[in-house]
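Please read the structure below before turning to the comments.
The values are calculated or read from the model by the stated rules, or taken from the named source; none is laboratory data. Since we're looking at a predicted model, the values are computed, not measured. Glycine gets a Cβ as well: all are built from the backbone with ideal geometry, and neighbour counts include every protein chain shown.
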Amino acid sequence: MTDSPWPAPPQGTCGLPPALEVEVAILGAGIHGAALARELTLRGVSCALVDRGEVGGGTSQWSSQLLHGGIRYMLTGDIRQMREGLAERATWARIAPHRCRWEAFWMPHRFGLEGLAHRIGIGLYDHWGAERPGWPPALHLGHVPRAAFEADPRSIQGPFRGATAYADLMTWDRELTRDLAASSGALRLDFHEPEGFEDAGASLKALRLRDRRDGTARRLAARRWVFALGPWTDGAMAQWFGESRKRLRLSSGIHLWFDAVPGCERPWAIRRPKGRILFVIPRDGMLQVGTTEREVDDGWVPILEAERAELFEALGACLPAIPWRSLPVRAEELGVRPLVAAGGVTTHLSREAVLERHARFQNLTLVLGGKLTTARALMDHLATDLTGIRCEASRTEPLRLWDGQPAEIR
């Protein structure tokens with residue numbers, strides 16, 4: 001965990017005193033840490049949100065930017081995980097309409113039998129996900145009319161003969177994470193470097209911190225601790241406590257951003273081998289494509305040329321009418337997914353999350369794995385476990401905007 005990959009802190013100071021005390025200290029200001037801060041605030045519990053970078057500045061800003069049920073789970077048979085995601089998708093649409101936008105995604109098919117399978121499977125997906133607050137009536141689901149499909153340049157000269165439309169929710173993940181933090185009363189200790197813990201044998205007592213902006217030392221005391229460090233969990237546990245156990249394996253996916261292509265109005269989700277999905281999504285005046293996947297060792301890794309080549313090859317094979325290799329790449333990003341090992345071993349990986357009570361420090365919980373869509377539900381569960389207080393408002397209370405501006409639905 002070297003300091004070099006982390007962005008330099010901005011100018012300014014924190015303004016908090018050198019000695020701080022809260023009920024719950026949260027390390028990691030990504031989607032899970034920010035969601036937990038909101039959950040604790042809704043329950044009237046004091047907390048602090050600590051990060052060596054900025055809120056939402058790590059892997060939470062490089063997700064697929066979708067709040068979805070997981071259409072790929074229909075293919076793998078993980079119906080329970082899919083239905084959980086669909087229920088949470090509706091919750092996000094209620095509490096963060098200013099950061100969400102419903103879309104009709106097209107899944108193209110190559111031949112008639114595949115098209116029939118899509119219509120059946122996607123029909124179930126939309127049936128189970130029928131709760132769609134704020135759904136635009138102009139968007140149509142199900143069979144895509146041939147004229148509409150053939151008018152899209154992605155259909156020209158390609159292997160696809162038609163498409164089926166399904167509903168999913170697009171978001172802006174970094175802004176959503178920041179809104180969660182803004183909706184909490186947490187003491188915000190972003191750009192703070194952890195320098196060491198104080199413990200009482202079986203429990204953590206306090207954390208010594210150094211403000212990366214001006215070098216100010218601070219001490220944070222808490223009764224309970226939660227590490228929501230995402231892909232940096234194993235490295236942090238090795239650095240802070242000398243632990244060699246690997247709780248996660250990391251999978252990366254890349255996104256490339258091109259100029260908008262005229263006629264590409266609907267997002268496409270293309271089935272690929274091994275259950276992967278190739279997304280081609282018009283958004284924010286550009287065209288986003290991704291992802292490929294590889295196993296990596298850290299949360300900060302570069303994009304390999306082989307990854308770009310594989311993605312361009314897939315685009316050329318699926319959507320040959322668009323000259324992908326001659327289009328300038330306006331931006332590229334690589335997101336790292338922390339995959340938790342099922343049953344404590346890394347031979348079987350899962351997109352599900354695990355809340356692990358630390359074996360030595362009984363007041364420490366580790367958030368392992370998880371994904372953007374179900375982060376709120378997972379942290380609702382954790383906050384209830386930590387405090388003994390249930391909170392129905394978690395599913396209905398609108399988020400406050402990070403910048404304090406009036407909410408604007410995109």
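Some observations on this one:
- Unique match (being modelled with pLDDT of 95 or more and closer than 24 Å to Thr384 by Cβ) among Ser46, Ser60: Ser46
- Selection status of Leu113, out of contact with any Lys or Arg (no Cβ under 8 Å at 6 or more places or on another chain), free of Cβ contacts under 8 Å to residues at least 24 places away in the same chain and not assigned by TED's automatic domain parsing to the domain that holds Arg376: yes
- Residue in region 241-249 that is modelled with pLDDT of 95 or more, within 20 Å of the chain's Cα centre (by Cα) and more than 28 Å from Gly129 (Cα to Cα) present: no
- Meets criteria (more than 21 Å from Val354 (Cα to Cα), touching an Asp or Glu at 6+ places or on another chain (Cβ under 7 Å) and not aromatic (Phe, Trp, Tyr)) for Val55: yes
- Strands (runs of 3 or more DSSP E) enclosed by region 263-316 - at least 3 residues per element that are more than 19 Å from the chain's Cα centre (by Cα): 268-271
- The condition of being within 15 Å of Ala35 (Cα to Cα) and without any contact (Cβ under 8 Å) to a residue 40 or more places away in the chain does not hold for His358.
- Selection from region 372-404 of residues that are in contact (Cβ under 8 Å) with a residue 40 or more places away in the chain and within 23 Å of Arg245 (Cβ to Cβ): Leu378, Leu382
- Pairs are defined by a Cβ separation below 6 Å, a sequence spacing of at least 6 or placement on different chains, a first member in region 289-304 that is basic (Lys, Arg), and a second member that is at pLDDT 80 or above; the pairs so defined are Arg294/Ser252.
- Each residue in region 185-197 was checked for being in contact with a helix residue (DSSP H, G or I) (Cβ under 6 Å, 6 or more places away or on another chain) and either over 13 Å from Ala25 (Cα atoms) or hydrophobic (A, V, I, L, M, F, W, C) (or both), and 1 pass.
Each row is one residue, and each column tells you yes or no for (1) surrounded by fewer than 14 Cβ atoms within 10 Å (Cβ to Cβ); (2) at pLDDT 95 or above; (3) at positive phi; (4) polar (S, T, N, Q).
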{"position": "Lys274", "(1), (2), (3), (4)": "yes, no, yes, no"}
{"position": "Val296", "(1), (2), (3), (4)": "no, no, no, no"}
{"position": "Val301", "(1), (2), (3), (4)": "no, no, no, no"}
{"position": "Ala309", "(1), (2), (3), (4)": "yes, no, no, no"}
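- Residue selection: Met74 satisfies the criterion of being hydrophobic (A, V, I, L, M, F, W, C) and at pLDDT below 90.
For every residue, the table says whether it meets (1) within 27 Å of Glu333 (Cα to Cα); (2) in the same structural domain as Asp190 (by TED's automatic domain parsing).
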| residue | (1), (2) |
| --- | --- |
| Leu36 | yes, yes |
| Gly70 | yes, no |
| Ala87 | no, no |
| Ala93 | yes, no |
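- Region 205-217: number of residues that are assigned to a strand (DSSP E or B) and surrounded by fewer than 22 Cβ atoms within 10 Å (Cβ to Cβ): 6
- Taking helices (runs of 4 or more DSSP H) as the structural unit, those lying wholly within region 10-100 and holding at least 1 residues that are on the phi < 0 side of the Ramachandran plot and of a type in the set (Phe, Trp, Tyr) correspond to 71-76, 79-95.
- Applying the condition of being touching a strand residue (DSSP E or B) at 6+ places or on another chain (Cβ under 8 Å) and assigned to a loop (DSSP other than H, G, I, E, B) to region 225-245 and asking which residue is surrounded by the most Cβ atoms within 10 Å (Cβ to Cβ) yields Ala228.
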